[in-house]
Amino acid sequence: MSVLTDFIGDRIQLNSVLIVACFVSVLLMGSQSAASYPTYLLALSLILSVPQWSDVFQERMSWLLLALLVYLCLTSLWSEPFLWRDAASTATRTLLVFCFVVALAECQLRGQVRRWLGRALALSGVIAVAAALWVYVSDIPADGRLKGLGQLDTEVIAALVFGVCMIFALDLIVGQRSRLAQLMLLASVLMIGVAVYLSDSRNAWVSVVTGAGVFLVAHRARTPRAFMAAMAVGGLCLLGILLLLLLGEGTRDLLLPRGDSFRPDIWREAWVRIAPHGLWFGLGINTSDNFVIVDLEFLHPHSMYLSVLYQGGAIALLLFLTLIIVVLRTLLVHFRHPDAKLALGILFVALPAYLLDGHELIDKVGSTWFLFWLPVAVALGLRWSHPRQDL
């Protein structure tokens, strides 16, 4: 009874449970509004305990994070059309994202990621992947492409989040001493790999392989310099393979079975809208970014980087890229920490994937929280716990 009381009274333990609930809600709940309830509780927990974590603002990275979030939120003021309801919704989402990052950073600072949070996320992810495969086998879709459950209602997003689950499972394998447990985890990784393959998303294939490769190289490399050298060689090899596949007439269809999916046309149309009036400050986070190409409607620019430029202009894009650089430098400074290696793997699932997909950096709980904001939170936690190594 005393153990239960101590657990309930431990704010960071409760926040860890709520973070797992956020992850599970993305995997299983089809309604984004219903999936957001754990995030509201998490935000409430943070708001009621501000004095206990306010020292996070001594870290310059937290101000960079806040600048990006607040600026994108403010762009709602010049969105077309301007609606107070949309502006209020954006402000709420901004607060939820910030609270999630701080709460997860606190969990990392306490050591919760290594203790049980990573295991819980890996287990829930494996169960969700198994459920998605069962649904797929029970009723194979007409296009033969696997989707996930819950918020993972598109093939590419499902595959990318499954890639995050794969990184968590690989992290457990690396730290596991039991041979039987390693074999079971390896079977889980293979199952996730099958699910990613069945998504038939080339973007996800490349991005998940890149993230898993970065994670494994990080665990083999002894120093950041050795890691960066291996990354450079691996990146050049991967780029060379992709170029060979693209240039070969017989292999181009293998890499791009659906052609370019109108990406160049979508990006061109987005630039035409941005260039006249939104280059510096953006068109606003709530401005419609739907595009009609050859009588087909596309709901966003299909590139996170272009979406940030579309919404917040060069200012937002500069803040976004600066945050990515700071996160990468932080993870390299703390390279020997297992959480840094975990975050590097997840981040390198997101960064290449966002070249061709992604559109809402600030949103209710969803894939972006775990593809991007999770590594950001880990980096913030590492800086928070080692202020002398702050950059």
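The values are calculated or read from the model by the stated rules, or taken from the named source; none is laboratory data. Computed from a predicted structure; not experimentally measured. Cβ atoms come from the backbone with ideal geometry, glycine included; neighbour counts cover every protein chain shown. Protein only, heavy atoms only, side chains kept; ligands, DNA and RNA dropped before computing areas. Shrake-Rupley method; radii C 1.70, N 1.55, O 1.52, S 1.80 Å.
Selection of segment 274-333 for residues being open to solvent by less than 10 Å² (accessible area, probe 1.4 Å) and more than 19 Å from the chain's Cα centre (by Cα) yields Ile274, Gly278, Gly282, Gly284, Phe291, Tyr310, Gly312, Gly313.
Taking the listed residues Ile274, Ile325, Ile266, the one that is at negative phi and in contact with a helix residue (DSSP H, G or I) (Cβ under 7 Å, 6 or more places away or on another chain) is Ile274, with no other qualifying. Here Ala340 clears all of (1) assigned to a helix (DSSP H, G or I); (2) of a type outside the set (Lys, Arg); (3) touching a His at 6+ places or on another chain (Cβ under 7 Å); (4) under 28 Å from Leu77 (Cα atoms) except the condition numbered (4).
Pick from segment 380-391 the residues that are under 18 Å from Phe100 (Cβ atoms) and of a type in the set (A, V, I, L, M): which of them is surrounded by the most Cβ atoms within 10 Å (Cβ to Cβ)? For segment 380-391, the residue satisfying everything is Leu380. Within segment 66-74, none of the residues are closer than 30 Å to Gln176 by Cα and touching a Leu at 6+ places or on another chain (Cβ under 8 Å).
Count of segment 1-48 residues, restricted to those that are modelled with pLDDT of 90 or more and assigned to a loop (DSSP other than H, G, I, E, B), is 1.
For segment 346-366, a tally of residues being open to solvent by less than 20 Å² (accessible area, probe 1.4 Å) and either farther than 19 Å from Val102 by Cβ or part of a helix (DSSP H, G or I) (or both) returns 8. A search for C-beta distances below 9 Å between a residue of segment 224-253 that is under 30 Å from Phe335 (Cβ atoms) and any residue that is modelled with pLDDT of 85 or more and among the aromatic types (Phe, Trp, Tyr), counting only pairs 6+ apart in sequence or on different chains, returns Pro224/Phe335; Phe227/Phe335; Met231/Phe348. Restricting segment 73-85 to residues that are part of a helix (DSSP H, G or I) and out of contact with any helix residue (DSSP H, G or I) (no Cβ under 6 Å at 6 or more places or on another chain) leaves a set whose member that is nearest to Trp384 (Cα to Cα) is Leu74.
The C-beta contact set for segment 160-182 (first residue of a type in the set (A, V, I, L, M), second residue surrounded by 15 or more Cβ atoms within 10 Å (Cβ to Cβ) and not in a helix (DSSP H, G or I), distance under 8 angstrom, 6+ apart or interchain) comprises Leu160/Asp357; Val161/Gly148; Val161/Leu152.
Filtering Ala377, Ala343 for residues that are at pLDDT 95 or above, more than 27 Å from Leu242 (Cα to Cα) and either of a type in the set (Gly, Ala, Ser) or open to solvent by 10 Å² or more (accessible area, probe 1.4 Å) (or both) leaves a single hit, Ala377.
Among the residues of segment 129-143, the one identified as under 25 Å from Leu355 (Cβ atoms) and either at pLDDT below 90 or in a loop (DSSP other than H, G, I, E, B) (or both) is Asp143. With the requirement that a residue be at pLDDT below 80, surrounded by 11 or more Cβ atoms within 10 Å (Cβ to Cβ), in a helix (DSSP H, G or I) and of a type outside the set (A, V, I, L, M, F, W, C), what does segment 222-253 give you? Scanning segment 222-253 gives Thr251, Arg252, Asp253.
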